[in-house]
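Before any comments, here is the structure.
All of the numbers you see were taken from the coordinates with simple rules; none came from a lab. A quick note: this is a predicted structure, and the numbers were derived from the prediction, not measured. Cβ atoms come from the backbone with ideal geometry, glycine included; neighbour counts cover every protein chain shown.
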Amino acid sequence: MNIKFKDYISISIHKTDLNLTSYIKSMLEDFNLAPEQNLVMMLLWEKDGLTQNQLAENLGKDKTNIARMASNLENKGFIKRTSCQDDRRSLKLYLTDTGKTLGDKVLPITEEFNSLVCKNISSEEVAELERLLNKINTNVHGEK
C-alpha cells in the first residue's frame, strides 16, 4: 500500500482543527479566554452548576485537564468551584457575575464563528459530517 501524504484523511482533519482553533483563538484573545476554556464556559452558559466530571464527559477530556482549566477560569474570576453536598470529592462549577457577563459578549462571537464554519454547507451536509466524524471517533476509540 502506497498512500500519499495528501490522501490521509486524518491530516485533513488535523489541518482543519488547527485552522478552526487558530481562528477562534484570535477572536477570544481580547476576553482572556483560550479556546478550550471557552468550551467549558459554553457548557456552563448553557447549564450552570455542572460538576468537573460532567464537563470531562461532555468534552471528552480527562479530569486532570478539566481541573486545571477550572482552576485557571477561577483565577480569572469567571467561575467559582464549590463542593457537592452529596459528594465532597466532587466539585461543581458556577459562573460568577463576571462569567455571566462574559457570556453576553462571547456567545455572539461563537454563534458568528459557527455560521462562518457552516457557510455554504446544508443542514443535511452538517448532519452527514457529524455522522462521519462520530464514525471516525468510534473507529479510533475502539482501537485504544
Completion exercise
Once the in-chain neighbours fewer than 8 apart are removed, the aspartates and glutamates whose Cα is under 17 Å from K92 read E46, D48, E57, D62, E74
Completion exercise
For K135, the lysines lying under 26 Å Cα to Cα, once residues fewer than eight places off in the same chain are dropped, come out as K4, K6, K15, K61, K63, K119, K144
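Under a point-charge model restricted to the Cβ atoms of Lys and Arg (+1) and Asp and Glu (-1), what is the dipole moment magnitude of the stretch 24-107 relative to its Cα centre, in debye to the nearest 20? Before the final figure, lay out the partial values.
On the way: 13 positive and 12 negative charges, 50 e Å.
About 240 debye.
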Practice task
Measure nothing but the geometry: give the 0 to 90° angle between the long axis through the Cα atoms of 123-142 and the longest principal axis through the Cα atoms of the chain, rounded to 10°.
Solution key: 80
Handout entry: For the stretch 24-107, radius of gyration divided by Kirkwood radius, i.e. Rg to Rh on alpha-carbons
Key = 0.95
Exercise for the section: Starting from 0 in steps of 5 Å, tell me what percent of the Cα-Cα pairs of the stretch 75-129 lands in each bin. Expected result: 4, 16, 13, 13, 12, 12, 12, 12, 5, 1
Completion exercise
Diffing the stretch 17-26: the Karplus 3J(HN,Hα) column from phi (6.51, -1.76, 1.60, θ = phi - 60°), in whole Hz with x for Gly and Pro, holds 4, 4, 5, 4, 5, 4, 5, 5, 4, 5
Practice task
Could you run the Debye sum over the Cα atoms of the chain, one equal point scatterer each and no solvent, and tell me log10 of I(q)/I(0) at q = 0.14, 0.16 Å⁻¹, two decimals?
Solution key: -0.82, -1.01
Practice task
Using only Cα atoms, find the angle between the long axis of helix 35-46 and the longest principal axis of the chain, and express it within 0 to 90 degrees, rounded to the nearest 10.
Solution key: 60
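Quick check on the stretch 12-60: take the gyration tensor over C-alpha atoms, sort the square-rooted eigenvalues as a ≥ b ≥ c, and tell me if it's rounded (a/c under 1.5), prolate or oblate.
Working: a/c = 3.33, a/b = 1.49, b/c = 2.23.
It comes out oblate by the Cα gyration axes.
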Completion exercise
Computed for the chain: size of charge dipole around the Cα centre, +1 on C-beta of each Lys and Arg, -1 on C-beta of each Asp and Glu, debye to nearest 20, value 520
